[in-house]
Each structure stands twice: as C-alpha cells, then as structure tokens.
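Read-outs: derived from the displayed coordinates by stated rules, not from any lab. Remember, predicted model here, so these are calculated numbers, not experimental data. Note that we place each Cβ from the backbone using ideal geometry, even for glycine, and neighbour counts take in every protein chain shown.
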Amino acid sequence: MNKKSIIVAGAGHGGIAAAAHLAKQGFDVTILEKKPKGKLGYDWTDIFAPGALTGTGIPMPDESKYEYKENMTFLSPSLRKPITQNVPQNELEIKMERSDIYEHLINYAKKCGAKVEYEVTVKAPITIGNRVVGVETDKGERLSPLVIDACGLNSPLRTGMPNGILMEKNIGRNNRFYVYRAFYSRLGDSIPEHNYKVYMLQQGKA
Ligand SMILES: Cc1cc2nc3c(=O)[nH]c(=O)nc-3n(C[C@H](O)[C@H](O)[C@H](O)COP(=O)(O)OP(=O)(O)OC[C@H]3O[C@@H](n4cnc5c(N)ncnc54)[C@H](O)[C@@H]3O)c2cc1C
C-alpha cells in the first residue's frame, strides 16, 4: 500500500514532534531542514513542563540529560530587592540543553519512521490556486499532498502564500523579541538566595 506522503518544512520542536506523530500513524513523512545535521537550535537551556513530552506520547529523555528547575533569584536594575521565585513542588519543570532536546526528539521521530533531510532550504510554496501542492527548495521541487509549515517566525512558506489567503505574511517589529545569553562575573556584594540565578541588567550598566 502506498503511504500518503507529508513534507514537514523545518526541524524545530514543532516540526519534529508533528513529524513523529504522523510517521507513527503510518504516513510517509520527510522533514526538510536548512541547517546541517547536529547544528539544530542554538546555545540555550530550555525550561519546560515534562507534560509537554509525556502529554503527547513522547518518551522522557535519559535522566542524565535533564535536571529539575530550582528556585530562582532575579536581580533587575530597576528593583532594589531581588525577586525570588519558588517553584511549587507539584509544578516542577525540567531544564535541558536545547541541543539535547533536539537530539532526543529527532531520535524519537526517526524511530517512528520519519526521515530527515538536512541542508535543504525551503524557498517557497508550490501552489495550484489556493492549494499548496509542494515546496520549492534550493535542491529542487518537492511535491506532496500535504505540507506542514514549521519554519518558525520567518517562514518563506507563510510569506509566499497566495494573496487570496487570509494569512498574516509579515511579522512586525513589535511582534518579535531578541534575546542574548551571556555570562558575567557578579559585581557588588548582593548575595542571591538561590544557586540557580538569573541576572537581568540593563545593557551597558552591568
Ligand atoms: C531565546 C529563547 C528562549 C526560549 N526559551 C524557551 C524555554 O525555556 N521554554 C520553552 O518552552 N520555550 C522557549 N522558547 C520558545 C521556543 O524556542 C519556541 O516556541 C519554539 O522553538 C518554536 O518551535 P518551532 O518548531 O515552531 O520553530 P523553531 O524552533 O523556530 O524551528 C524552525 C526550524 O525551521 C528551520 N527553518 C527555518 N527556515 C527554514 C527554511 N526556509 N527551510 C528549511 N528549514 C528552515 C530552522 O532552522 C529551525 O530548525 C524560547 C525561545 C527563544 C527565542
């Protein structure tokens, strides 16, 4: 029996999870990802509820790959006192390196039967009327009866959709935020209460 094919554009958390679930249900799923193998995501420690995995049937990663989030202390430039955030025991979230999350999700998706093609950049949707029938990539056209756009914020599939479709094409300046992670030595003598600390300091005033 010919399995129905599905293209998932983008191997972010969303794309990989969708691909895994669909492959598990018997579809012939291919993820197209512009980044090279082993280079997904960026240097970041994510914090999330384990239910984000278990609630959708994705197994938990190996215990060595994550820790439970601890209480935190925020030091902000506009507040004199640190803010402590105590994590209720019944709402424990886990923290895990983003690269490890990707590895875990990709392994699971592959186990479910999904294929991943790296270094394939999706350029635009191929449409017939208002219907998407495939994608143009830097490696040629790929036709498929179902395309899932999981390219994230700046998706060329979204911006390339025909005008007749009521879809927000561009993300405005006020709709996005930029975050940078850096490590500094702490100045002054304020001692945060907890070991896991987040310092929020105004740029240039640290
Ligand atoms: C700094 C930061 C910290 C965050 N921390 C947390 C956290 O602690 N906990 C939490 O739950 N969430 C966190 N988030 C939010 C979380 O990262 C996003 O919600 C999530 O990544 C969205 O997943 P996605 O699959 O929709 O898109 P993305 O993760 O953006 O994935 C898109 C994928 O598509 C690929 N792609 C893009 N364009 C193309 C193309 N043209 N062709 C082929 N492939 C393409 C990209 O390379 C990428 O792999 C954070 C976000 C940021 C920015």
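Tabulated data for the structure shown
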{"quantity": "Too-long pairs where the Cα-Cα distance tops 20 Å, listed order kept, from K35/K69; K34/K123; K3/K111; K37/K110; K69/K111; K3/K24", "calculated": "K35/K69; K69/K111"}
{"quantity": "Net +/- balance of residues flanking L22 in space, Cβ distance below 11 Å, scoring K and R +1, D and E -1", "calculated": "+2"}
{"quantity": "Rounded, prolate or oblate (a/c below 1.5 giving rounded, otherwise prolate when a/b exceeds b/c) for region 127-175 by Cα gyration tensor", "calculated": "oblate"}
{"quantity": "Under-5 Å amide H pairs with T137, H placed in peptide plane, nonlocal only", "calculated": "K123, R142"}
{"quantity": "Loop-located trypsin sites (Lys or Arg not before Pro) in region 98-159, at most 14 other Cβ atoms within 10 Å (DSSP)", "calculated": "K139"}
{"quantity": "Gyration tensor (alpha-carbon) shape descriptor, region 29-102, a/c threshold 1.5", "calculated": "oblate"}
{"quantity": "Amide H partners (placed H, <5 Å) of V87, local residues excluded", "calculated": "N71, M72"}
{"quantity": "Rounded FRET efficiency, nearest 0.05, which uses the C-beta distance separating N107 from D138 and R0 of 30 Å", "calculated": "0.70"}
